[in-house]
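In what follows, a structure is listed as structure tokens, so that the remarks can point back to it.
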Amino acid sequence: MFNLFKKTPAPTLSDFSILGTDLHSHLLPGIDDGAPDLETSLNLIRDLQNLGFRRLFTTPHVMSDFYPNTRDVILRKKDQLQEALDELGMELEFGAAAEYYLDETFAALLKTEPLLTLPGNRVLVEMSFHQPYPDLHRIIFDLQMKGYHPILAHPERYPYFRSTDDYENLKAMGCALQINLLSLTGYYGKPVQSAAKTILGLGLADFLATDLHHARHAENLQQALSHELVVKTLQSSVFQNNLI
Ligand SMILES: [Fe+2]
């Protein structure tokens, strides 16, 4: 009998292969609040592969107070992890850059050392969750003067950026915007989800990324494949993940 009450199943994605590239994660062992050891690093990479990502650029925090990672430390850890991937025959493109915290130490570093970049000389930056970097325009300008292309990590997560003007100003400064996939599911709370919707609705989001720190994030990403907003976003918008 025809069932009037039968609901059409909600659309679900099989994986995130439509994005292909993930450009924000914390996979290097023991240097930030991501993977604590090599075994966890490998497990998280397997998780990302199972989620459909084929190119990973991991981005450990460089934050003077908590994670004073240097270029050398990051590159050494990256080589160590690459060796382990090779030994296991895990085939994927793997690279490392950084997620630079904007502060005075970063401003000084920018003057003295080459930064670790994503392809295309892109530099992933983040800010305090409490207040904007006081001289944001200046530092973004300085980055560009050095030939870098800044990408602001998760603009939706900063509580002091909530208006259309805020997001348009960031773009006008020359910042590409990277939204966290889990922001769309409400993982970081309703205000963050709603900010992410606003940025997407304005067509200002350039990249979607996992910002994966641990296995719980991977589990939530798996569930996100059937989240209505995630599905709708990936089916209706084009992001630059695969273009870098
Ligand atoms: Fe991050």
Counting other beta carbons within 10 Å of each residue's own, what order do His213, His26 fall into, fewest first? His213, His26
Please turn the phi angles of the stretch 93-108 into ³J(HN,Hα) values with the Karplus equation 6.51 cos²θ - 1.76 cosθ + 1.60 (θ = phi - 60°), one per residue in order, whole Hz, x for glycine and proline. 8, 10, x, 10, 10, 7, 10, 7, 7, 6, 7, 5, 5, 5, 4, 6
Which of Phe129, Phe57, Phe161 fluctuates most in a GNM of the chain (C-alpha springs under 10 Å)? That residue is Phe129
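Pairs to check: Lys78/Lys197; Lys171/Lys232; Lys77/Lys190; Lys78/Lys111. Give those whose C-alpha atoms are more than 26 Å from each other in this structure.
Working: Lys78/Lys197 34 Å; Lys171/Lys232 24 Å; Lys77/Lys190 36 Å; Lys78/Lys111 24 Å.
Beyond 26 Å: Lys78/Lys197; Lys77/Lys190.
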Whose amide H sits under 5 Å from the amide H of His149, counting only residues 5 or more places off or on another chain, with H placed in the peptide plane? Arg122, Val123
Starting from the 7 Å offset along Cα-to-Cβ, what nm value, one decimal, do you get for the label separation of Ser17 and Gln80? 3.4
How would you order 76-87, 39-50 from highest to lowest mean count of nearby Cβ atoms within 10 Å? 39-50, 76-87
Name the residues whose placed amide hydrogens come within less than 5 Å of the amide hydrogen of Gly95, ignoring near sequence neighbours (fewer than 5 apart) on the same chain. Leu56, Phe57, Thr58
Could you calculate the contour length gain from Asp165 to Ser194, that is, 0.36 nm times the residue separation minus the distance between their Cα atoms, to one decimal place in nm? 8.9 nm
Report ³J(HN,Hα) in whole Hz for each residue of the stretch 182-193, in order, from the Karplus equation J = 6.51 cos²θ - 1.76 cosθ + 1.60 where θ = phi - 60°; Gly and Pro get x. 6, 5, 5, 8, x, 3, 9, x, 5, x, 5, 4
Restricting to the chain, compute how many DSSP beta bridges are antiparallel as a %, nearest 5. 10
Using every alpha carbon pair in the chain, what percent of pairs falls into each 10 Å bin from 0 up to the bin containing the largest distance? 7, 32, 36, 19, 4, 2, 1, 0
What's log10 of I(q)/I(0) for the stretch 39-172 at q = 0.12, 0.21 Å⁻¹, Debye sum over Cα points only, no solvent? -0.54, -1.28
Which order do the peptides 193-204, 88-99 come out in when sorted by mean C-beta neighbours inside 10 angstrom, highest first? 193-204, 88-99
Running a GNM on the chain with Cα contacts under 10 Å, which residue among Leu124, Leu143, Leu208 ends up with the highest mean-square fluctuation? Leu143
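Between beta-carbons, use under 15 Å as the cut-off and find the net charge around Leu92, counting Lys and Arg +1, Asp and Glu -1. Spell out each step's value before the answer.
Details: positive: Arg46, Arg54, Arg55, Lys78; negative: Asp15, Asp22, Asp47, Glu83, Asp86, Glu87, Glu91, Glu93.
That works out to -4.
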Taking θ as phi - 60°, what are the ³J(HN,Hα) couplings along the stretch 82-92 by the Karplus curve (6.51, -1.76, 1.60), each to the nearest whole Hz, with x for Gly and Pro? 4, 4, 5, 5, 5, 4, 7, x, 7, 9, 6
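At R0 = 51 Å, how high is the FRET efficiency between Asp72 and His137 if r is their beta carbon distance? Nearest 0.05 is fine.
According to the calculation, E is roughly 0.95.
Computed from the coordinates by the stated procedures, all read-outs in this text should not be read as laboratory data. Remember, predicted model here, so these are calculated numbers, not experimental data. When we count neighbours, we look across all protein chains shown, and the Cβ atoms used for this are built from the backbone with ideal geometry, even at glycine.
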